[in-house]
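Enquirer: Shown below is the structure under consideration.
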Amino acid sequence: MSALIQSLGPHAGFILASYAAVAVILAGLTLAIVRDHWAQKRALAALEQRGAGRRRPGGEAP
Amino acid sequence: MLETRRHCYCCGNPAWRQARDEFADDMANLIDLANPTRFMRFSAALLPWLAGVSALLLAVGFYLAWFVAPPDYQQGETIRIMFVHVPAAWLAMMFYAMMAVSALGTLVWRHPLADVAQKAAAPIGACFALVCLVTGALWGKPMWGTYWVWDARLTSVLVLFLIYLGIIALWRVLDEPSRAGRAVAILTLVGFVNVPIIKFSVDWWNTLHQPASVFRMGGSTIDGSMLWPLLVLALGFTLFALTLHMAAMRAEIMRRRVRTLTILEAERLDRLAARAGSAPA
């Protein structure tokens, strides 16, 4: 690892900081989207389990 | 001439009729896909593949960028920053262009998936604009001697990032999705004027930022040993962004379904309460 950093020369800090910024921003975005996806999936499953939106044969909701 | 007449579908040639029917089927499939229920089914099957291919391309791209591409004769090792900076800049603009097309879909065709696509794209485009700005600043300090200058290219990308933030804020302010969708669509189309400004700013004004070096008249000025890692990474980032976009669209469709079901459930409970209140004791 230190050999890799040394091979990047005098601007290693800028290069590594760039890649760290990319990793943090894109990982944060991915995490936010995945968490939102699962939260909506759970909420939808809970509502469907309660029978929300389903109608009884008589036309009235349950 | 005889050959042309023989292949005209008006005269009942079976090959032409088959081609016409296949085309009609393809169009029908495309329209079906734009239905939210079909989209959910289709995207559930496609997402793992898209994620897998983008991960593979990113792994290959990063390997090429770090271990195969040589240092630049002027920029030295800081050329490695370009491999993430340039695809981020392209994607920030590409996602805005996608949002502008979706805005047209919302305003002109009132397509049910258009504002879903638009809403899902905004945070992704904003993140890539942020990546572009941060990596550009980190490249600028060692190469230009400064993190930031109020140069036309840098300023127009900052404006793009601010427009993205405005769009995300507008989505959050308005509760009703279709009303919010129309308002955001108008803002998106007005903001689209910034995209050609970003692209041509380096030609229209005297900027510190270098002119286009990949997509330009007369071909790329980048050597193949650096161009290929850049293109592989750009493709990998594009597929990764599309994967996120598809997942975000799925989440948004489910959010709208949750909203509708919650309203229906509340109305049902209201009706039951009203009936219980009016029933004789």
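The values are calculated or read from the model by the stated rules, or taken from the named source; none is laboratory data. Note that the coordinates shown come from a computational prediction; the quantities given were computed from them, not determined experimentally. As a convention, Cβ positions derive from the backbone with ideal geometry for all residues, glycine included, and neighbour counts pool all protein chains shown.
Enquirer: Out of everything in the range B:55-77 that is at the interface with chain A (Cβ under 10 Å from one of its Cβ atoms) and not in a helix (DSSP H, G or I), what residue ends up being nearest to B:VAL195 (Cα to Cα)?
Expert: Out of the qualifying residues, it is B:GLN75.
Enquirer: On to the next question. Is it true that A:ALA3 is modelled with pLDDT of 80 or more and aliphatic (A, V, I, L, M)?
Expert: In short, no.
Enquirer: Against the definition (touching a residue at least 60 places away in the same chain (Cβ under 8 Å), closer than 25 Å to B:ARG257 by Cα, surrounded by fewer than 22 Cβ atoms within 10 Å (Cβ to Cβ) and away from every other protein chain (no Cβ under 14 Å)), how does B:LEU170 come out, yes or no?
Expert: On the way: touching a residue at least 60 places away in the same chain (Cβ under 8 Å): no; closer than 25 Å to B:ARG257 by Cα: yes; surrounded by fewer than 22 Cβ atoms within 10 Å (Cβ to Cβ): yes; away from every other protein chain (no Cβ under 14 Å): yes.
So B:LEU170 fails the test.
Enquirer: For the range B:55-97, give me the residue count where each residue is under 24 Å from B:PHE161 (Cβ atoms) and without any contact (Cβ under 8 Å) to a residue 60 or more places away in the chain.
Expert: Going through the range B:55-97 one residue at a time, the tally reaches 3.
Enquirer: Could you please give the count of residues in the range A:9-26 that are small (Gly, Ala, Ser), at the interface with chain B (Cβ under 7 Å from one of its Cβ atoms) and closer than 15 Å to B:ALA65 by Cβ?
Expert: So the count comes out to 1.
Enquirer: Only one of (1) over 18 Å from B:ALA103 (Cα atoms); (2) over 22 Å from the mean Cα position of the chain (by Cα) fails for B:LEU235. Which number is that?
Expert: Going through the list (1) over 18 Å from B:ALA103 (Cα atoms); (2) over 22 Å from the mean Cα position of the chain (by Cα), B:LEU235 breaks only (2).
Enquirer: Looking at the range B:78-99, which of its residues are surrounded by fewer than 19 Cβ atoms within 10 Å (Cβ to Cβ) and within 12 Å of another protein chain (Cβ to nearest Cβ)?
Expert: none
Enquirer: Something else: Collect the residues in the range A:27-49 that are over 15 Å from the mean Cα position of the chain (by Cα) and within 7 Å of chain B (Cβ to nearest Cβ), keeping them in residue-number order.
Expert: Listed by number, the residues that qualify are A:ALA43, A:LEU44, A:LEU47.
Enquirer: Quick one: is B:PHE161 of a type outside the set (Gly, Ala, Ser), at pLDDT 95 or above and closer than 24 Å to B:GLU77 by Cα?
Expert: So B:PHE161 fails the test.
Enquirer: Also, I was wondering about something else. So B:VAL190 passes all but one of these: (1) within 14 Å of chain A (Cβ to nearest Cβ); (2) free of Cβ contacts under 8 Å to residues at least 24 places away in the same chain. Which condition number does it fail?
Expert: Among (1) within 14 Å of chain A (Cβ to nearest Cβ); (2) free of Cβ contacts under 8 Å to residues at least 24 places away in the same chain, the lone unmet condition for B:VAL190 is (1).
Enquirer: Mind checking which pairs have a first residue in the range B:246-263 that is within 7 Å of chain A (Cβ to nearest Cβ) and a second that is surrounded by fewer than 20 Cβ atoms within 10 Å (Cβ to Cβ) and among the small types (Gly, Ala, Ser), Cβ under 6 Å, 6 or more apart or different chains?
Expert: Short answer, once both residue conditions are applied: B:ARG250/B:SER43; B:VAL258/A:ALA43; B:LEU261/A:GLY53.
Enquirer: Being assigned to a helix (DSSP H, G or I), at the interface with chain A (Cβ under 10 Å from one of its Cβ atoms) and within 25 Å of B:ARG38 (Cβ to Cβ) is the requirement here; does B:ILE124 meet it?
Expert: yes
Residue-wise test of (1) without any contact (Cβ under 8 Å) to a residue 60 or more places away in the chain; (2) hydrophobic (A, V, I, L, M, F, W, C); (3) touching a Gly at 6+ places or on another chain (Cβ under 7 Å); (4) closer than 26 Å to B:ALA55 by Cα.
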{"residue": "B:ALA180", "(1), (2), (3), (4)": "no, yes, no, no"}
{"residue": "B:ILE186", "(1), (2), (3), (4)": "no, yes, no, no"}
{"residue": "B:THR207", "(1), (2), (3), (4)": "yes, no, no, no"}
{"residue": "B:GLN210", "(1), (2), (3), (4)": "yes, no, no, no"}
{"residue": "B:GLY218", "(1), (2), (3), (4)": "yes, no, no, no"}
{"residue": "B:VAL232", "(1), (2), (3), (4)": "no, yes, yes, yes"}
{"residue": "B:ARG275", "(1), (2), (3), (4)": "yes, no, no, no"}
